[in-house]
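> Take a look at the following structure, please.
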Amino acid sequence: HHHHHHHHNNNKIHHGEITPCYITLSQNHIREIKYLFPQIQLIFIARDLVDRAWSALLMELRNQVRGMAAGTFTTTTTTTTTTTNSTNETNATEDQRRRNIEEDKYNRDAAPDKYDDSYFMERLRHTTHTERSDYATPLRLWLRHLSSSDGGDGTDAHDGEDGEDGRRRNRNRLLLLDYNDIATRPREVVESVTRHIGVESEDFLMNVVKEEELKRRVNEGGSSSSSSSGGDSKQRYGVLRPSLRKKMEDYLRPFAKDFNLLLEELGYSWRIDDYDAIQTTTTATTVSSTTNTTLNH
């Protein structure tokens, strides 16, 4: 996409790639990536921990249910390649109807209310989900490897800058984004990404992603809040019940606190929810302190 950028140093194509799995890579893999791409820029999008885990648990559940009825999708789709357009279309709508019925059945079978809290908590404690809930540990690992100049990229060590500058530059190779900003401030998100990877945001918004595209939701999984249900079937079946939410919050709180600590260390002003009740009581104390002052007068 980026071949539109013809600026003094931007007229090269920028290649990028995305997967949540990078958060689970071993030291060796991180080292290898650093070696192959010495100038790599990282972007991490931090989603609310309960939302992320719930979405992943629902996806896992749906996949399991699908596995039981594997292959049902493939039977009807490839049969009508040679026929004329009109029959193709009727077959297509017929296929779609059949698929919708199957999809509904899957959704019912994968309805979370069929499974108790302990089922989900056991899954959440499983390595797969736990290591994806721990944002801070792997990010610290990435930062450590970015700052070591042994990756075949001697520039960091020998460019005559003091250590602090080198550290700051490595810190700047990792951009942390708040997932919520994608919905509420999409333009700012695009601008911080383009700034981070070194392309012009105006060009990017004109040629690569149109402004109205920024508003569209894609690849939607389940949501942990009933309010955001877009009325589609996945959402209807996937509302997180309060009893389970409370248990998930308690389990995920330490991970959230650790990530917020990292955000603070790196100088970011935003935080993710750490499900701490204390936050709500602090407002009460400021109120009472002001009433005290009025009594004094």
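The values are calculated or read from the model by the stated rules, or taken from the named source; none is laboratory data. The model shown is predicted, which means the values in this text are computed figures rather than measured ones. Cβ placement follows ideal geometry from the backbone for every residue including glycine, while neighbour counts extend to all protein chains displayed.
> Could you tell me whether segment 201-223 includes any residue that is more than 30 Å from VAL239 (Cβ to Cβ), modelled with pLDDT of 85 or more and part of a helix (DSSP H, G or I)? Lay out the reasoning, then the answer.
Kept after step one, since they are more than 30 Å from VAL239 (Cβ to Cβ), are these residues of segment 201-223: 201-211.
Keeping just the survivors that are modelled with pLDDT of 85 or more gives none.
Scanning segment 201-223, I find no residue that is more than 30 Å from VAL239 (Cβ to Cβ), modelled with pLDDT of 85 or more and part of a helix (DSSP H, G or I), so the answer is no.
> Right, next: Would you check if GLU131 is of a type in the set (Asp, Glu), at pLDDT below 95 and within 30 Å of HIS196 (Cβ to Cβ)? Give the derivation first.
Details: of a type in the set (Asp, Glu): yes; at pLDDT below 95: yes; within 30 Å of HIS196 (Cβ to Cβ): yes.
In short, yes.
> Within the bounds of segment 21-30, is there any residue that is exposed (fewer than 12 other Cβ atoms within 10 Å of the Cβ) and modelled with pLDDT under 90?
Within segment 21-30, one or more residues are exposed (fewer than 12 other Cβ atoms within 10 Å of the Cβ) and modelled with pLDDT under 90.
> Right, something else. Find all pairs meeting these conditions: Cβ atoms under 7 angstrom apart; at least six residues apart or on different chains; first residue within segment 245-266 and touching a residue at least 24 places away in the same chain (Cβ under 8 Å) and more than 18 Å from PHE120 (Cα to Cα); second residue among the aliphatic types (A, V, I, L, M) and not in a helix (DSSP H, G or I).
Sorted first by the residue in segment 245-266, then by its partner, the pairs are ALA256/ILE272; PHE259/ALA46; PHE259/ILE272; LEU263/LEU176; LEU266/LEU176.
> How about segment 224-247: which of its residues are within 17 Å of ARG52 (Cα to Cα), at pLDDT 85 or above and in a helix (DSSP H, G or I)?
PRO242, LEU244, ARG245, LYS246, LYS247
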